[in-house]
Amino acid sequence: MNPTLSELEARATREKAAFGGDAHIVCDNLVRIYKTEGVEVVALQGLDLVIDKGELVAIVGASGSGKSTLLNVLSGLDVPTAGVARVAGMDLLSMNARDRLRYRRSVVGFIWQQTARNLLPYLSARENVELPMKLAGRRGGRALELLELVGVGYCADRKIPEMSGGEQQRVAIAVALANSPQLILADEPTGELDSETSEQVFDALRKANRELGVTVVVVTHDPLVAEQVDRTVGIRDGRTSSETLRREGAEGQIVAEEYAVLDRVGRLQLPRDFMSALQMERRVRLELESDHIGVWPAREEPSDD
Amino acid sequence: MRIALLARVHLGTLAVLFVLALSACLLVAGLPRAMQSSFDEALRRSLATAPAWQADLTVSVEPRSPEEDLRERGQFDLRDRRWRQILPAALRPLVTGSGHMSAKTTRTPVTGTGGQTYINLGWLSDADQRVDWVQGRAPGRGSTMRYEGATIPVFEVGVSEDAQREMGLQVGQRKMLGENDYVAVQIVGIFKARNPADRYWSHNLEILQVTKIQPAGALDFEKHTTTLISDEGLAALRSEGRNLSYHWILPIDARGASALAVPDVDAAVTEFGRVAALQSTGSPYHLETGLPKLLGEFRAALGTAQTVMYLVLGGLLAVALGVIALAVLLLTDRLDHTLTVARARGGSLRQVAGAAAAVTGAAVVPAGLAGYGLSFLVPGPVLPIVHLGPAVVVLVAVGFAAARVARSHRSPLHERRDDVAAGRVSARRITLEVLVVALALAGAYLLRARGLAGGDPFLLLVPVGLTLAAALITLRCYPYPLRLFVRLAARGRAAVPFLGLTRAARARSASVLPVLVLLPALGVSVFAAVISDGIASTQRLASWQQVGAPIKVTSEIEIPAATISQVRALAGVEQVVLAQTGRVQVGYGAERAEAIAVDVAQWRRILDGAPVSVPALSDGALVSPELRGRGTFEIGWQSRVKLATRGVIDSLPGFYTQGKFIVVPLSVLTRPAVNTLLIKGDVSPDSLARLIPSGRVESQERALSAIRDDPLTRTVRWALVVVTVALGSYALVAVVLSLVVGAAERARAVSFLRTLGLSDRQAQRLTVLEILPMILLTALVGLGLGLLLPYALGPGVNLASYAGGLPVGDYSLDLLIPLALAAGLAAVAVLGAYAHTAISRRRNLGAVLRVGDLT
């Protein structure tokens, strides 16, 4: 039945629920193009991502898939070319320099992969933690508390080169937490560490997530890390391609279920090994069933002769 | 941020910055002071050596009516005080001593001598302190006598020893003066000056000496003397029927002179003359002084000195600022990690830039203060630049640090990917560069056409513009020839030349600054060296022009043959050329010319190797341009001599530079009366002077040292040397700094290549190849610029006053110093590159690569 004119008008003026609603982090069709003197690199090609407040999410993907670019955008260090990126209700595309500074000071904290890059070698751990507080014009009283929280309270007065890599990275987490951010972004925080130390660092991140209620987004290659989070988002070629959700089963064991991501216009990335197993390329057939959609390889067309 | 801690961490870089800023501030504040003090010294010397009558201020008046006659000392004193009251402020520091006053008559003939003898009457306010009576007594009150039916005054006068000798005046003589309005003088004493060398007598020379004047067309000399009368005599001195004039002399004290005040003094003299004229009630008072002319000559010399100094000091300042900017670049590179972390962790742009500025200031401000303080040890007046220079250095350093950090940290994530693509030049930038080059060339043309005399600020900027244009062209064009080499190297089998040259051709934009520093440094220092060299050789030329031989002895009377043979026998004398000079009659009229009879061939031999020469002459005569075109002419010299013109010369070294003069062979004279000796050899002028008491001995070496000893000349040369040395050092520092600035990046590249199998030796060659093309090219362009600048500016900058009056134009291409500068620079660059790879070899390969990872 055709809608009446008044119905159409009402439909047009009705406010559509925004994508992601009031989620903590919303990326909608995010595009980031690097232009370096004539050479263009598309790092993000319409990425969608929704993360709720208090979540602990891992982002995985191959090298060059756009993970670090996404993290740079979310941390306010980089500005996306197009799309929507919203963190804690703040639009990352329309922020001016002042807003961006306020955002970096009080909304987000982050940790780089290289320990040397996170900390100033000539300052002690406590002074490193106090630095962001002082930059924001606050008093640095909470520094020791934060160091205790991530388990390196005993390092407070040591200089950075006097600490192990794991300790350094945990101090970096304390630094990221210095101004009580709502969100922590970590770019391969355990990339340079052995598995035991990685465990400690990850524990510190989880502790921050649980005890302080901070949303944590970790970019990682480390399967050990990926296994310990509630949700793992896979990125391929600048788009979210898969999600793995973990929940506790009835007997206390962890059940992991991997999903493909369906974007808002209905696009779906099939896992590469699925495609190659059935030799799917270029065209597939879809069939709608009552409770699922079937995907078949394209039928061989009988030749005319 | 904790500035003190940051400063401690980067102590080494800050120390470099401190030393650079200190030296720059000291040079910029100290050099102008030292130069100004030598300008002052030069002014004082020029005032002190000028005759007093020229330098001092003399107010004169010629009374025209009896009411205006001054009869008492008090009347003179009253007016003297008046002059001092109305003296403009600018002249007060110069007129400090007490002057004197005088009343003199001129052209007062002795009755009945037919205008051949004149005895003037003179009164000096301080005669009693200035003369000693050698005969008779000082004049006193005069008397009267009857003469031709009238009562006339008789003045008691004293006459000088010279007048006694020359005019036969004796104590006791009475002379009648005047052709009407007669007076009589009674000679009561003979005096001599207590100190004849005193500048005082420059004003009253006619009192000490007899003046002989040969009127036009007359054969005999008129003789004039001025006698001294007493205060009582003054009371009887009337202006009626006499050429009487009164003078107040305000002596100039050179010690109070300052080169800075010269324009004011100039204006003040005019003002004083005007105000003095207004004081007159009857006959006008007028100011007589050569001070403006003296100051004008000084200003011309000073103007040139200032222009040259402006050029080299401007270059020095620019280069110093460039090197400081390089050091700041190094510092901000070192601070980059800290600032990036701070910026990423929520540091505002102001905080980050402020921290960089504060750390820079921690080194530069104390250095600026120290340099400013130390500059007060340099003697000289305090000029605005003394305050401004260090302030500019400090502000530029701090400002550059803040601006650079603010620019690179404007967005928090600043990862350059210069490794991916080479920069493309914007059309706007190309247009700007073309404009700069066009302006510089147009300016150079205008400068050559107009000169710098007008003090046109645009033209003063031309050298800067030319340097900038050369730098821009170098920067823009140097990759092209390099790419050619890269193409050649790519065909070869060796990897290192290809890699090294490729890296050189793709050098980051940070390599712009070393070029901008090196080019003016080399350019200005080569310019200074060439100018300095030009002045030196012209000074030598001028000294030869002045003397005309290694040693010249001139005598007013004939030098006896016996003395000449004694001179020949003196130890060290190699050669003696005899000559006679005189004033000769040309033709049969009243035309006179200076003449010299000399054995030209011998003279030419002793001038062998000197920068001056005399044309060969065996018979006939060489004449000055004013006597040209006469063919064969006759002169009257001892006898009538007929001479054919063999050539025209503009000047004769050691003798004549202008007017009418003739050079003839000595054989022309039947009996030469030798009064001039030209001597070659190592003999002391003093021993010659002892041998020939009547002779005046001049030596080329003494003349040269006299020219060199002039304070202005000395300063210019000395400042040029200081600037050359300073610029050379800055150039070396620039090379080292630019090596260090690019060190991290180069170390990363080399480390990476070492993992691919690059040997240490290859690494060293790679670094050298990467750096050398830029240094070599910059050195060459700088060298060319420095050699070209004197030619471009030559007509604009007149250095004649530093070279004994000769124009400095023939810049000899003595390439030694410039080449040494350029070669030294290139050598240091190569050594630096080797040392640099040697140091980086010690680093752990893994650590270098890991820390340098791009994420």
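Odds and ends about this structure:
- Wholly enclosed helices (runs of 4 or more DSSP H) of the range A:135-240 bearing at least 1 residues of a type in the set (D, E, K, R): A:143-149, A:165-176, A:195-212
- Yes/no for B:H203 being within 16 Å of B:Q170 (Cα to Cα) and touching a residue at least 24 places away in the same chain (Cβ under 8 Å): no
- Of the residues B:L330, B:L321, B:L316, the single one that is crowded, with 24+ Cβ neighbours inside 10 Å, under 18 Å from B:V396 (Cα atoms) and not basic (K, R) is B:L316.
- Condition met for A:A143 (more than 9 Å from chain B (Cβ to nearest Cβ) and more than 19 Å from the chain's Cα centre (by Cα)): yes
- Residue check, B:G296 surrounded by 22 or more Cβ atoms within 10 Å (Cβ to Cβ) and not basic (K, R): no
- Among the residues making up the range A:22-53, those that are within 14 Å of chain B (Cβ to nearest Cβ), surrounded by fewer than 19 Cβ atoms within 10 Å (Cβ to Cβ) and assigned to a strand (DSSP E or B) are A:I33, A:Y34, A:K35, A:T36, A:V39, A:E40, A:V41.
- For the range B:666-707, a residue qualifies if it is more than 17 Å from B:P550 (Cα to Cα) and part of a helix (DSSP H, G or I), and the qualifying residues are B:L666, B:S667, B:V668, B:R690, B:L691.
- Selection status of A:D91, modelled with pLDDT of 85 or more and either over 30 Å from A:P223 (Cα atoms) or within 14 Å of chain B (Cβ to nearest Cβ) (or both): yes
- Looking only at the range A:244-272, residues that are closer than 25 Å to A:Q200 by Cα and either in contact with a strand residue (DSSP E or B) (Cβ under 9 Å, 6 or more places away or on another chain) or not in a loop (DSSP other than H, G, I, E, B) (or both) come to 8 in all.
- Total residues in the range A:94-108, condition charged (D, E, K, R) and either within 8 Å of chain B (Cβ to nearest Cβ) or outside any helix (DSSP H, G or I) (or both): 3
- The set of residues in the range B:722-744 that are under 35 Å from the mean Cα position of the chain (by Cα) and polar (S, T, N, Q) comprises B:T724, B:S729.
- Close Cβ contacts (under 7 Å, 6 or more residues apart or on different chains) running from residues in the range B:155-166 that are among the charged types (D, E, K, R) to residues that are assigned to a strand (DSSP E or B) comprise B:E156/B:Q186; B:E156/B:V188; B:E161/B:V134; B:E161/B:I190; B:E161/B:K192; B:E166/B:K223.
- Selection status of B:A358, small (G, A, S), more than 14 Å from chain A (Cβ to nearest Cβ), assigned to a helix (DSSP H, G or I) and farther than 23 Å from B:P514 by Cα: yes
- Residue within the range B:329-338 that is of a type in the set (A, V, I, L, M), within 14 Å of chain A (Cβ to nearest Cβ) and farther than 23 Å from B:V716 by Cα present: yes
- The combined condition, being of a type in the set (A, V, I, L, M, F, W, C), surrounded by fewer than 16 Cβ atoms within 10 Å (Cβ to Cβ), over 25 Å from A:H221 (Cα atoms) and within 9 Å of chain B (Cβ to nearest Cβ), is not fulfilled by A:A82.
- Inter-residue pairs, beta-carbon under 8 Å, first in a helix (DSSP H, G or I) and in the range B:729-747, second surrounded by 21 or more Cβ atoms within 10 Å (Cβ to Cβ) and among the aromatic types (F, W, Y), 6+ apart: none
- Restricted to helices (runs of 4 or more DSSP H) entirely inside the range B:1-111, those with at least 1 residues that are under 40 Å from the mean Cα position of the chain (by Cα) and of a type in the set (V, I, T) are B:11-49.
Here is a yes/no grid of residues against (1) buried (at least 19 other Cβ atoms within 10 Å of the Cβ); (2) in contact with a Ser or Thr (Cβ under 9 Å, 6 or more places away or on another chain):
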site	(1), (2)
B:K642	no, yes
B:P653	yes, yes
B:L666	no, no
B:V721	no, yes
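- Scanning the range B:468-482 for residues that are within 12 Å of B:V515 (Cβ to Cβ), part of a helix (DSSP H, G or I) and either aromatic (F, W, Y) or free of Cβ contacts under 8 Å to residues at least 12 places away in the same chain (or both) gives a single hit, B:C477.
- Subset of the range B:203-247 that is of a type in the set (G, A, S) and surrounded by fewer than 16 Cβ atoms within 10 Å (Cβ to Cβ) - its residue that is modelled with the lowest pLDDT: B:G217
- Condition broken by B:R487, with the remaining ones in (1) assigned to a helix (DSSP H, G or I); (2) at pLDDT below 80; (3) surrounded by fewer than 20 Cβ atoms within 10 Å (Cβ to Cβ) satisfied: (2)
- Meets criteria (of a type outside the set (G, A, S), out of contact with any Phe, Trp or Tyr (no Cβ under 6 Å at 6 or more places or on another chain), over 30 Å from B:G465 (Cβ atoms) and at pLDDT 75 or above) for B:L769: yes
- Residues satisfying the stated conditions in the range B:623-632, i.e. touching a residue at least 40 places away in the same chain (Cβ under 8 Å) and either more than 21 Å from B:S667 (Cα to Cα) or in contact with a helix residue (DSSP H, G or I) (Cβ under 8 Å, 6 or more places away or on another chain) (or both): B:L627
- Hits in the range A:109-126 (condition: part of a helix (DSSP H, G or I) and facing chain B (nearest Cβ under 8 Å)): A:A116, A:R117, A:N118
The values are calculated or read from the model by the stated rules, or taken from the named source; none is laboratory data. Owing to the predicted nature of the structure, the values given are computational and were not obtained by experimental measurement. All Cβ positions, glycine included, derive from the backbone under ideal geometry; neighbour counts span all protein chains shown.
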